[in-house]
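Report on the structure given below.
The values are calculated or read from the model by the stated rules, or taken from the named source; none is laboratory data. Keep in mind it's a predicted model, so treat the numbers as computed, not measured. Heads up, the Cβs are rebuilt from the backbone with ideal geometry, glycines too, and the neighbour counts pull from every protein chain shown. We work out accessible area using only protein heavy atoms, side chains counted, and drop any ligands, DNA or RNA first. Shrake-Rupley method; radii C 1.70, N 1.55, O 1.52, S 1.80 Å.
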Amino acid sequence: MAGTVLTGFGSITAGLAPSTAVFVAGLFFAGAMDAVTDVAMHVHGMRVQRRYGRSIINAFHAVWSVGAILGGSVAAGAIALGLSAGVHLGLSTALSAIVAVTALWFCLPGREERAERRPIPETARSEAVPPTGAGRGTVLVVVALVLIAVAGTGVEDAGNTWAALYLSGPLGVPAALAAAGYVALVAGQFLGRVFGDRLVDRFGQRSVARVGGSVTAVGMGSALLFPTVPGTVLGFCLAGLGVATLVPAALNEADELPGLRPGTGLTVVSWLMRLGFLLCPPLVGFIAEATELRIGLMVVPVAGVLVIMLAGVLRPGPTAGPRRG
């Protein structure tokens, strides 16, 4: 709750900044507080999931997608009404604070204890995780989980940063319709998260991730190899659908790693996965500068192949145990 409020204050600082330095400092602070909030939400969400008795984390991420759409819509409304950045961000922060304080009353009390966590059966452990201890095997699994999460965030941000430019540039789509690629990606991602929990409970995280990686690689790869406007929009949609469950899967697995304190693995993966947002757009740009944007966007199907290769670190069975009384 505190992180949500502080994120808002950082945004207000950036919006009212009298100089570039204050603007950057405000955004840096907001981003740092958002990272803390993100970890706290996921830790608590995993705790709720364990008590709930089945996978629900993908539904939480689906709601995040709805929030992203609502946030953009509120911003568009503020622009249409002629509200200043300070007024818009102030109202948004106040609303977020009210929601956060209200939600706090419904959260589980106290800290999570090890006794709350169900033991993971030996047959359900990740292939690379040792039975006990936080040794080298656990470190390798954390690295693999970070890469899976980076693949998910990287694909999302590649669409966010480059989809409109690719459609309006090489494919000649009118500027008014150039956003169709990213909209399709977010729509596919939302759809995948709405149904993701049911699929995970039935087929397991590992199988869902491998199929998702295949959908991303084949869908976006085909769209880039045979470029057409409808095919490209469909390719971005399939990419969003394919990576929909990757971040929830990586965070869920990280939170269950043996030999680590509750929340430690999740925190590490959650923070490091932001490298996908940081590194993917300039990587695509660097490749595009040397060749062309179509070649640069090949990082999307490559990310899908990477997920297929690393999905073995995810458990094959359900992510939550039986409902607790």
Checklist line | Between the stretch 26-52 and the stretch 140-193, the alpha-carbon center distance in angstrom | finding: 23 Å
Next item on the list: Using a 1.4 Å probe and ignoring any ligands, DNA or RNA, find the accessible area of Tyr182 and quote it in Å² to the nearest 10.
Entry: 70 Å²
Next item on the list: Using a 1.4 Å probe over the heavy atoms of the protein chains, calculate the carbon and sulfur portion of the accessible area of the stretch 274-317 as a whole percent.
Entry: 78 percent
Margin query: I'm spelling it out carefully: the read-out is Cα extents along the principal axes in Å, the candidates are (1) 63, 46, 46; (2) 55, 47, 32; (3) 150, 49, 36, and one was derived from this structure. Which label?
Written below: (2)
Note to self: Ranking request for peptides 12-24, 223-235, 72-84: highest mean number of other beta-carbon atoms within 10 Å first, then the rest in descending order.
What the structure shows: 223-235, 12-24, 72-84
Checklist line | Helix-only CD estimate at 222 nm, as mean residue ellipticity for the chain, using -39500 (n - 2.57) per DSSP H run (n ≥ 4) | finding: -24500 deg cm²/dmol
Notebook entry, point to check: With all protein chains present, how much of the accessible area of the stretch 174-241 (probe radius 1.4 Å) comes from carbon and sulfur, to the nearest whole percent?
Noted result: 77 percent
Notebook entry, point to check: Any idea how far apart Val139 and Phe277 come out in nm if each label point goes 7 Å out from Cα toward Cβ?
Noted result: 2.8 nm
Check: Around Val299, with a cut-off of 13 angstrom between Cβ atoms, what is the net charge of the other residues, counting Lys and Arg +1 and Asp and Glu -1?
Finding: -1
Check: Once the convex hull of the C-alpha atoms of the stretch 1-121 is built, how many Å³ does it hold per residue, rounded to a whole number?
Finding: 119 Å³
Check: So what is Rg over Rh here for the stretch 201-325, counting just Cα atoms and using Kirkwood for Rh?
Finding: 1.05
Note to self: Before I look further, what does the chain give for accessible area per residue, probe 1.4 Å, in whole square angstrom?
What the structure shows: 49 Å²
